[in-house]
Structures are given as structure tokens and as C-alpha cells.
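Quick notes on the structure that follows.
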Amino acid sequence: MATKALVDTGAKKSCIDKILVNRLKIKIDHSEQGGFLYGANGNRIPIIGTIVADVVIQELRMPTTFLVMESLTHQVILGID
């Protein structure tokens, strides 16, 4: 399933919204659960877990680990990791 992503050079980690993960029926690894990141506005955002998904840009395919979070401003945020 194709989706648009925000490329955020200020984000240290790549993140994905839990709603999209559920729609894609990807199993969440909850071993990272309990941590948090700070959003651009300074709010703490809890980490639900992680997934690994392919990021495809034209012909380039890269397996990427995403932190699963709720209420993101974009469904997918690609950080500098």
C-alpha cells in the first residue's frame, strides 16, 4: 500500500501512526513500549512499539524500523535514522 511520508531531517527516529499500522495488519513488537519521544511542539509522545517495513523510493527499497506512535501529524515520518 502506497502512502505519503514526511521527510523530517530534524527527527532522530522514523515513526508511523498506529492507525496505519493497524490498517496494514502489521504485528507490533512491544519491546520498545514505555519510552517516549518529544514532538516538535515539546509534547511527550509515548512509544507503543516498533515495526519493520520497506520504504520504497522509485526503485530503491530499504527495510526501515519505525517507532509506532499515536496521534502523529503525518501517518509516516522519516527521520535521519
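The values are calculated or read from the model by the stated rules, or taken from the named source; none is laboratory data. In this text, all values refer to a predicted model and were calculated from it rather than measured experimentally. In this analysis, Cβ positions are derived from the backbone assuming ideal geometry, glycine residues included, and neighbour counts consider all displayed protein chains. In case anyone asks, the SASA skips ligands and DNA or RNA and just uses the protein heavy atoms, side chains included. Shrake-Rupley method; radii C 1.70, N 1.55, O 1.52, S 1.80 Å.
From the residues in region 48-70 that are among the acidic types (Asp, Glu) and without any contact (Cβ under 8 Å) to a residue 12 or more places away in the chain, which one is least open to solvent (accessible area, probe 1.4 Å)?
So the residue we want is 54.
Looking only at region 1-47, count how many residues are surrounded by 12 or more Cβ atoms within 10 Å (Cβ to Cβ), modelled with pLDDT of 90 or more, over 12 Å from the mean Cα position of the chain (by Cα) and farther than 12 Å from residue 68 by Cβ.
Total meeting the criteria: 2.
Name, by its number, the condition in (1) in contact with an Asp or Glu (Cβ under 7 Å, 6 or more places away or on another chain); (2) under 12 Å from residue 76 (Cα atoms); (3) in a strand (DSSP E or B) that does not hold for residue 16.
Failed condition: (1).
Where in region 32-81 are there strands (runs of 3 or more DSSP E), lying fully within it, with 1 or more residues that are basic (Lys, Arg) and in contact with an Asp or Glu (Cβ under 6 Å, 6 or more places away or on another chain)?
Ranges flagged: 60-69.
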